[in-house]
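Below is one structure, written out as structure tokens; comments come after it.
Only the coordinates and a few stated rules stand behind these numbers; no lab work does. Bear in mind that the values here come from a model prediction, so they are computed numbers and not experimental data. Cβ placement follows ideal geometry from the backbone for every residue including glycine, while neighbour counts extend to all protein chains displayed.
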Amino acid sequence: MEEYFIDLSKFMMADSSYKDADGVIFSIPYDETTSFKPGAREGGNAIRTASWGLETYSPILDRDLSELKYCDLKDLDLYGNQEEKFNTIYHVTKEILKDNKRIIVFGGEHSITYPVVKAVKDMYGDFAVIQFDAHCDLRDEYLGNKLSHACVMRRIYELTKDIFQFGIRSGDKEEWDFAKKNNLYLKMDLMNEEDLEHIKSLDKPIYVTIDIDVLDPAYAPGTGTPEPCGFSTRELFNSLYLLKDVKDRIIGFDIVEVSPIHDIANITAITAAKIARELMLMIL
Ligand code: MN
Ligand code: MN
């Protein structure tokens with residue numbers, strides 16, 4: 001009987017069991033440190049719903065989602081204060097990585113990347129992080145919180161010096177000074193072949209974090225801190241397709257800051273779903 005029914009509450013084609021899955025999708029409904037417009041806690045479910053509007057086949061990658069084995073565990077059950085919630089995120093992520101599965105994480109706002117990457121650190125030791133974002137996210141503290149979305153890359157820099165930041169066009173002077181002083185790999189442009197060669201030469205596991213506001217608000221209006229002068233969806237995809245060359249080293253990725261209550265005609269959620277599809281087709 002089950003074959004006549006469809007579960008649209010999961011990402012399309014996510015029909016493997018956890019045990020059989022090579023990749024595990026889960027979402028983190030957390031947006032409590034948002035400084036401007038909250039709503040990213042609903043991001044994961046918006047991406048899932050939007051995914052059903054896409055094809056399962058990618059003509060660029062010549063692969064179909066039906067060739068992959070992945071499951072969708074949906075929203076993580078979070079309670080307690082920020083520290084307790086981040087502990088849960090950390091432990092769950094670590095368990096999934098321990099089971100030798102790739103992780104596909106939907107935010108939530110960007111602060112959630114820290115406990116995820118901390119689990120990556122404890123599993124892999126040495127690793128690199130590639131960030132696509134409009135913002136540096138390098139503040140040491142923001143509104144009294146060191147674990148704010150605005151501090152996430154600063155905290156991650158304490159876990160690995162190999163961070164690569166692309167699309168960055170916003171931040172306060174202290175953040176830009178920090179980047180200069182520490183000679184961070186931070187670019188206003190998106191990743192190009194030359195950048196990739198550099199990343200490749202490190203020969204380390206890679207985690208990719210995509211803050212959807214790297215796109216121009218025209219292409220991704222549904223986000224908490226839209227920042228003008230961004231990139232087109234196509235420019236971002238052209239950059240992401242370069243990752244094909246290091247696909248075997250990508251142990252997971254996240255897409256954060258999708259906020260459906262600020263979206264228009266689901267543009268942002270559909271875009272995020274397509275990013276997820278293409279990256280999954282690449283790394284699984
Ligand atoms: Mn960010
Ligand atoms: Mn951002």
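Values as computed for the structure displayed
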quantity: Taking the chain and dividing mean pair separation by its residue count, relative contact order in percent (alpha carbons under 8 Å, at least six apart); calculated: 23 percent
quantity: Residue order, fewest to most beta carbons within 10 Å, for E3, E197; calculated: E3, E197
quantity: Relative exposure of T49, T268, judged by other C-beta atoms within 10 Å (fewest first); calculated: T49, T268
quantity: Residue-wise HN-Hα coupling along the range 158-165, computed from phi with Karplus coefficients 6.51, -1.76, 1.60 (Hz; x: Gly, Pro); calculated: 6, 9, 8, 7, 8, 10, 10, 10
quantity: Gap separating the Cα centres of the range 233-284 and the range 96-125, nearest whole Å; calculated: 16 Å
quantity: 3J(HN,Hα) from dihedral phi, the range 203-219, Karplus parametrisation 6.51/-1.76/1.60, rounded to Hz, x for glycine, proline; calculated: 6, 10, x, 10, 10, 10, 10, 10, 7, 4, 6, 4, 6, 5, x, 5, 9
quantity: Amide proton proximity set for K187, modelled H, under 5 Å, gap of 5+; calculated: Q165, F166, G167, I168
quantity: Per-peptide average of other Cβ atoms within 10 Å, ordering 218-230, 239-251 highest first; calculated: 218-230, 239-251
quantity: Interchain or long-range residues, amide H under 5 Å from K74's placed H; calculated: S27
quantity: Residue pairs, from the table K121/K247; K98/K187; K10/K118; K94/K204, whose Cα atoms sit over 22 Å apart; calculated: K98/K187; K10/K118
